[in-house]
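Report on one structure; see the data block that follows.
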Amino acid sequence: MCGRFTITLDPADLQQEFDLGKMPYEWKPRYNVAPTQDVPVVSDAQSRTVELMHWGLIPFWAKEKSIGERMINARSESLREKPAFRQAFLQHRCLILADGFYEWQRKDPKAPKVPMYFQLKDAKPFAFAGLWETWHETLGKELHSCTIITCSPNELVEKIHNRMPVILDKSSCWQWLEEKDPLKLQGMLAPYPADKMQAHAVGRMVNNPKADSPECILPLAF
């Protein structure tokens, strides 16, 4: 699964890198984004407007908001089968902006897991392939929520975890929003090349979802 990630760029730099549209005024660099928090999402390839959505997809038919806590990830292999994701896969695809993510490795059964930070070798930002939905709260208020799609891991990530988020760079991300053919969309949900990624161990401060500072991504000194 993908349960924590980063988006550390200044909004102006990210806007230029991806040729994005309007940015949310609440934007700030994040070093430890956690589930149920608001995350930066693009759902329209024409305007490329960035909006903040609740991380943890709440299906439109859900009775309780809390279901989103179990929907932070969606397995690529079953998107067209699961009721929570089937319609969103066809109609509500999105890009969740990021520049790194965390997974946890247990090197010693008797020792705590070591958090590992993954990013592209060129440290460029990217997007997770995602889905989004609109849920109506009480009194008719709308809540937009999203989920990150995961796939089988590449050779780098599989040493740490058996799943990885689907990563799209700026050369491929807009196709995820514009393509209509389900088979072509499914073909995009593949592991990102391992030779274009890197990873290093970081301190356990990222275990605390309240920790959100540049120290979170600093290499751990053994």
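The values are calculated or read from the model by the stated rules, or taken from the named source; none is laboratory data. Note that the structure is a prediction, hence the values are computed from the model and not measured. Virtual Cβ from ideal backbone geometry, glycine too; neighbours counted across all protein chains shown.
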Query raised in the report: Given L220, L120, which one is loosely packed, with under 14 Cβ neighbours inside 10 Å, farther than 30 Å from A84 by Cα, of a type outside the set (K, R) and touching a residue at least 12 places away in the same chain (Cβ under 8 Å)?
Result: L220
Query raised in the report: Given the conditions (1) modelled with pLDDT of 95 or more; (2) of a type outside the set (A, V, I, L, M, F, W, C); (3) surrounded by 14 or more Cβ atoms within 10 Å (Cβ to Cβ); (4) farther than 21 Å from R80 by Cβ, which single one is not true for H200?
Result: (3)
Query raised in the report: Do we have any residue at all in the stretch 171-182 that's among the aliphatic types (A, V, I, L, M) and under 24 Å from E17 (Cβ atoms)?
Result: yes
Query raised in the report: So S152 fits all but one of (1) on the phi > 0 side of the Ramachandran plot; (2) within 16 Å of the chain's Cα centre (by Cα); (3) free of Cβ contacts under 8 Å to residues at least 40 places away in the same chain; what number is the exception?
Result: (1)
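Say we look at the stretch 78-113 and pick out the residues that are under 17 Å from the mean Cα position of the chain (by Cα) and among the charged types (D, E, K, R); which of these is farthest from E17 (Cα to Cα)?
Of the stretch 78-113, the ones under 17 Å from the mean Cα position of the chain (by Cα) are 79, 85, 88-89, 92-104.
Within this subset, residues satisfying the condition of being among the charged types (D, E, K, R) are 93, 99, 103.
Numbers: R93: 21, D99: 12, E103: 26 Å.
Only one residue fits best here, namely E103.
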Requested in this report: Quickly run through the stretch 123-137 and pick out the residues that are crowded, with 20+ Cβ neighbours inside 10 Å, under 20 Å from H200 (Cβ atoms) and out of contact with any Cys (no Cβ under 9 Å at 6 or more places or on another chain).
Outcome: P125
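The rows are residues; the columns are (1) buried (at least 22 other Cβ atoms within 10 Å of the Cβ); (2) not in a strand (DSSP E or B).
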{"residue": "V41", "(1), (2)": "yes, no"}
{"residue": "A45", "(1), (2)": "no, yes"}
{"residue": "M53", "(1), (2)": "yes, no"}
{"residue": "A62", "(1), (2)": "no, yes"}
{"residue": "G68", "(1), (2)": "yes, yes"}
{"residue": "A88", "(1), (2)": "yes, yes"}
Query raised in the report: Out of (1) aliphatic (A, V, I, L, M); (2) touching a strand residue (DSSP E or B) at 6+ places or on another chain (Cβ under 9 Å); (3) touching a residue at least 40 places away in the same chain (Cβ under 8 Å), what's the single condition that is false for A84?
Result: (3)
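How about the stretch 190-219: which of its residues are more than 23 Å from Q37 (Cα to Cα) and either in contact with a Phe, Trp or Tyr (Cβ under 9 Å, 6 or more places away or on another chain) or among the polar types (S, T, N, Q) (or both)? So that I can check it myself, show each step before the final result.
Kept after step one, since they are more than 23 Å from Q37 (Cα to Cα), are these residues of the stretch 190-219: 190-201, 219.
Result: Y192, M197, Q198, A199, H200, A201, P219.
May I ask you to say which residue of A34, A88 is under 30 Å from K159 (Cβ atoms) and out of contact with any helix residue (DSSP H, G or I) (no Cβ under 7 Å at 6 or more places or on another chain)? Steps first, please.
On the way: A88 fails: under 30 Å from K159 (Cβ atoms).
Just one listed residue meets the conditions, A34.
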Requested in this report: Quickly run through the stretch 1-39 and pick out the residues that are loosely packed, with under 15 Cβ neighbours inside 10 Å, farther than 21 Å from T147 by Cα and in contact with a strand residue (DSSP E or B) (Cβ under 9 Å, 6 or more places away or on another chain).
Outcome: G21, K22
